[in-house]
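The next block holds one structure in the form of structure tokens; read it before the comments.
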Amino acid sequence: MPSTFLGLNTGLSGLNYFQATLNTTSHNISNADVSGYSRQQVLAKAAPALRVRSSYGMMGTGVQAAGVEQLRNVYYDTKYRAATSKFSEYSGINEQLTQLQNYLNEQKSETGYTKVLSQLGAAMQNLASSPANATYRTAFTQAAGNFTDLINEVATNYQNTQEDINNEVAIHVDTINSIAAQIFTLNQQIRNIETRFGNANDLRDQRELLVDQLSELINVSVVETPVKYGEGPDAEDSGATTYEVRIGGMLLVDDMECKQLKVAAREEKVNQSDIDGLYDVYWVGLNGALGERVNFNSNNITGLMKGLLAARDGNNFNPFSGTIAEMKTGTADGSIVKISLDEGIEMDKLNLPMEGVITLNCKEYYYEGWEAEYDADGKLNNFVFKNLTITSETGRREPAALNAGMDVGREATMGQAIDCKGIPYYMTELNEFVRTLSNYMNDIFTSGADANGDRGLDFFTAADIAGNDYVLTAKPGTPAPTKVMSNDSSYYRLTALNWAINQSVKADQTKVVVSYKEDITQGNLDAKGVLEKIIAGFDDRSMYSQGTVSQFLQSITTSLAVDIQKYSSFANNMDEVANIIENQRLSVSSVDTNEEAASLVMYQNGYNLACKVISIMNEVYDKLINQTG
């Protein structure tokens with residue numbers, strides 16, 4: 001039999017339900033502008049019916065609020081994060097390449113390479129008009145020095161950009177660690193609440209917002225699994241879930257642990273013109289030790305971190321690689337390995353550091369110095385890397401014990417093949433530029449004689465560690481070298497960073513070469529045979545595969561412009577995709593204040609009606625109890 005006060009309880013259930021809906025709607029409106037907030041709604045169901053044992057069977061007992069549901073679509077979350085990661089990667093590369101382009105755009109100004117080359121050309125023409133004029137000789141040297149200074153400045157700015165990226169990588173690693181720690185804390189709080197069948201929607205929003213922020217830095221995958229009591233078909237839902245966040249397929253954080261990342265500076269360079277101490281990113285192992293290195297070059301990883309590292313380390317998919325031809329232990333140069341290349345490397349394009357790390361059959365070895373042989377085409381091949389060592393379990397460097405039987409014939413590489421024209425690529429291009437021009441011009445300068453009748457010196461060179469200029473051109477009659485060593489005085493030692501005018505030539509204008517020995521001997525002060533070759537050299541289209549001196553530099557700016565356009569287009573496309581998905585996501589989860597206002601009126605009417613039911617039932621019970629009898 002139903003209770004006498006069933007009607008009052010039924011009205012009360014409606015009052016409680018509409019009170020909950022009004023509170024939830026008020027909560028939605030209050031958080032309408034809060035980033036990451038998802039709209040909530042009260043779930044309702046009919047209260048258990050009461051059997052009245054009459055012909056009509058069952059009698060309703062009102063309504064129950066079954067819970068407060070968070071309106072969110074996991075599919076849209078996943079798609080949005082994937083699109084955001086790709087957008088961040090492309091925009092990160094685009095931003096850094098634009099920075100490199102800005103330095104080159106400076107060359108179009110009054111102090112740019114077009115203007116400086118024009119000034120150098122004018123200085124050479126003035127000198128040609130009066131070869132013995134000391135003022136014109138000095139002006140020519142100064143104009144050439146301005147040109148080398150310009151290339152030095154561009155290369156230095158590229159290195160500064162590499163350092164800025166390196167610092168930014170360290171900051172983003174700290175951000176990833178911070179976000180992971182916050183997610184871990186939220187996991188504990190949410191689980192504690194939901195295990196008691198509570199509502200943790202607002203904490204869930206905070207967690208999802210953190211995952212959104214994390215996806216900008218590196219792509220994430222999220223797996224949420226219900227926690228059940230018991231096993232098999234009799235297992236019961238606990239109301240809580242486990243929440244797993246992975247980056248690059250590796251677990252970052254769940255309910256039980258929160259892993260961390262750590263940056264560690266490289267002890268050796270990968271590219272000749274890299275700055276010292278570039279960071280690699282590792283998982284933190286036991287007791288804070290370095291664990292596995294995170295391979296941001298993997299196809300499984302996207303995000304801003306990958307874009308920054310691609311710009312910092314990009315070599316246009318062209319690392320040093322070859323086949324292990326020979327391995328020896330106990331030589332005068334310690335443990336050595338000989339690497340044969342499929343195709344030789346031109347000296348002007350050589351990018352090997354003097355000391356570095358080489359990977360032999362998937363194992364890393366440190367080397368100190370190298371030498372290479374010239375092949376029939378004048379390219380460098382058959383590289384021998386000397387004094388190979390490895391890092392022991394105690395962290396100390398020890399001589400490498402080589403296994404020639406297993407490793408000969410296997411692959412040898414240095415660095416990774418990164419499909420991006422980043423800073424190492426453009427630094428190699430600048431190095432090729434100064435080496436090719438220096439070699440070409442020095443051959444002309446040293447073929448003549450200075451004002452004193454002495455053989456001409458290398459005009460373009462660089463200072464060694466002791467401050468003395470490298471001697472790059474061999475004396476006449478000297479046999480052509482068959483090999484080169486990393487510590488030789490060779491064009492390998494010449495880079496865009498140290499390129500300069502010979503110090504002796506800068507200090508003494510009589511050292512400037514404009515004519516040949518026989519002209520000086522004959523006292524022909526107007527002879528300018530060497531200078532005419534030099535002037536023609538700057539317009540020689542055969543000097544570079546790209547053409548003249550100016551055209552080579554133009555090719556760098558063109559390459560940058562093409563890549564910037566490419567990554568800008570990629571970024572814009574992914575931005576549009578992310579915006580479309582975000583709009584779809586917001587259509588489900590965002591708060592529309594107009595809709596919430598309409599809901600307030602509807603729920604208010606329901607609340608008033610529930611109050612009316614209670615008021616009427618109060619009159620009925622007053623009549624029944626107080627006025628009957």
The chain - percent relative contact order, Cα under 8 Å, separation 6 or more: 18
Accessible area of Glu596 in the full protein assembly, 1.4 Å probe (Å², nearest 10): 10
Solvent accessible area, Å² - Val357, 1.4 Å probe, full protein context: 40
Prolate/oblate/rounded label for segment 1-94 (Cα gyration tensor, a/c 1.5): oblate
Most to least accessible of Arg396, Arg191 (protein chains only, probe 1.4 Å): Arg396, Arg191
Candidate residues Asp458, Asp174, Asp276: accessible-area rank, largest first, probe 1.4 Å: Asp276, Asp174, Asp458
Gap separating the Cα centres of segment 397-469 and segment 290-310, nearest whole Å: 30
Coil-residue GluC sites (Glu not before Pro) of segment 377-433, DSSP, other Cβ within 10 Å capped at 15: Glu393
Relative contact order, percent, segment 67-159 [alpha-carbon distance under 8 Å, six or more residues apart]: 22
Sulfur and carbon atoms: percent of accessible area, segment 376-454 [1.4 Å]: 43
Cα gyration tensor, the chain - rounded (a/c under 1.5), prolate or oblate: prolate
Distance (nanometres) between label positions extended 7 Å along Cα→Cβ at Thr195 and Ala265: 4.5
Loop-located chymotrypsin sites (Phe, Trp or Tyr not before Pro) in segment 1-63, at most 15 other Cβ atoms within 10 Å (DSSP): Phe5, Tyr56
Rounded if a/c under 1.5, otherwise prolate or oblate - segment 516-627, Cα gyration tensor axes: prolate
Nearest-10 value in Å² for the accessible area of Cys362, using the 1.4 Å probe: 130
Distance violations [Cα-Cα > 32 Å] among Lys79/Lys363; Lys115/Lys306; Lys386/Lys506; Lys45/Lys228; Lys115/Lys349: Lys79/Lys363; Lys115/Lys306; Lys386/Lys506
Accessible surface, 1.4 Å probe, highest first, among residues Arg81, Arg196: Arg196, Arg81
Stokes-Einstein translational diffusion, segment 47-102 - Kirkwood Rh over all Cα pairs, 1.567 mPa s, 4 °C, in µm²/s: 76
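The values are calculated or read from the model by the stated rules, or taken from the named source; none is laboratory data. Please read these numbers as outputs of a predicted model, since none were measured by experiment. Glycine gets a Cβ as well: all are built from the backbone with ideal geometry, and neighbour counts include every protein chain shown. In case anyone asks, the SASA skips ligands and DNA or RNA and just uses the protein heavy atoms, side chains included. Shrake-Rupley method; radii C 1.70, N 1.55, O 1.52, S 1.80 Å.
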